[in-house]
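Student: Take this structure, written in structure tokens, and hold onto it; I'll ask about it next.
The values are calculated or read from the model by the stated rules, or taken from the named source; none is laboratory data. Note that the structure is a prediction, hence the values are computed from the model and not measured. Because the Cβ atoms are built from the backbone with ideal geometry, glycine has one as well, and the counts that use them run over all protein chains shown.
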Amino acid sequence: MVHFLAVATIAASTFAVTPAKVNWQADYGKALAATKSDQRPLLVVLDNPADPAATFDAKLLAADGQQAELLKSYRLCRVDVSTEYGQKVAEAFGAKQFPHTAIIDKTGASVLFKQSGQIAGDQWQSTLTKFEKGVQPQTVFFRGNTILGAQSSQDISNCPSCQRKAMGL
């Protein structure tokens with residue numbers, strides 16, 4: 001009897017410990033508000049589920065594997081662009097080709113990444129990894145033995161002309 005209770009307890013605890021589900025929000029406004037409140041970046045996927053050519057690869061959005069771990073770092077929003085609401089959201093993003101993907105910073109203030117069209121698996125993994133903290137990655141520049149960028153008091157923008165001037169070119 002004790003053995004049966006031990007097995008039943010272990011079985012029940014196994015069911016209680018299920019991996020966190022990847023939840024997709026269909027309302028961009030709600031997803032953006034949640035991003036601002038919990039300071040996680042927002043991953044937005046705009047696609048048309050009725051059109052195979054305009055649908056995001058389901059394997060890359062799956063709730064298993066390495067991408068599932070990366071997706072947990074994000075607030076997730078997936079909008080169907082075949083609806084009137086979806087068309088308004090697509091227009092706000094300036095998206096004309098689908099699927100369209102965007103990552104918004106953890107404050108909800110700026111777009112860190114956007115791309116129209118399909119994304120290859122390896123590019124998807126590296127993109128999710130690059131922006132999972134919800135901030136623009138810091139670019140570091142070298143000038144001789146001096147490192148310019150995050151460790152420098154000099155302000156180097158992403159403008160190529162400014163970079164050349166800072167490097168004395």
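Student: Condition (residue is under 22 Å from GLN136 (Cβ atoms) and without any contact (Cβ under 8 Å) to a residue 24 or more places away in the chain) applied to region 45-63: is it met by at least one residue?
Tutor: There is no residue in region 45-63 that is under 22 Å from GLN136 (Cβ atoms) and without any contact (Cβ under 8 Å) to a residue 24 or more places away in the chain.
Student: Tell me, please, whether a residue that is more than 22 Å from GLN125 (Cα to Cα) and in contact (Cβ under 8 Å) with a residue 12 or more places away in the chain can be found in region 19-26.
Tutor: Yes: region 19-26 contains one or more residues that are more than 22 Å from GLN125 (Cα to Cα) and in contact (Cβ under 8 Å) with a residue 12 or more places away in the chain.
Student: Hey, among GLY121, GLY144, GLY168, GLY149, which residue is modelled with pLDDT under 95 and within 16 Å of the chain's Cα centre (by Cα)?
Tutor: None of the other options fit; the residue is GLY121.
Student: Where the second residue is surrounded by 12 or more Cβ atoms within 10 Å (Cβ to Cβ) and of a type in the set (Asp, Glu) and the first is assigned by TED's automatic domain parsing to the domain that holds ASP38 and lies in region 92-107, which pairs have Cβ atoms under 9 Å and are six or more apart or on separate chains?
Tutor: Close Cβ pairs satisfying both conditions: PHE98/ASP47; PHE98/ASP51; PRO99/ASP47; PRO99/ASP57; HIS100/ASP47; THR101/ASP47.
Student: Only one residue in SER73, SER110 is modelled with pLDDT under 95, within 21 Å of ASN23 (Cβ to Cβ) and among the hydroxyl-bearing types (Ser, Thr, Tyr). Which one?
Tutor: Of SER73, SER110, the one residue that is modelled with pLDDT under 95, within 21 Å of ASN23 (Cβ to Cβ) and among the hydroxyl-bearing types (Ser, Thr, Tyr) is SER73.
Student: Separate question: Can you give me the number of residues within region 124-141 that are modelled with pLDDT under 90 and surrounded by 14 or more Cβ atoms within 10 Å (Cβ to Cβ)?
Tutor: So the answer is 1.
Student: Can you tell me which residue in region 31-88 is nearest to LYS106 (Cα to Cα), limited to those that are in a loop (DSSP other than H, G, I, E, B) and among the polar types (S, T, N, Q)?
Tutor: The selected residue is GLN39.
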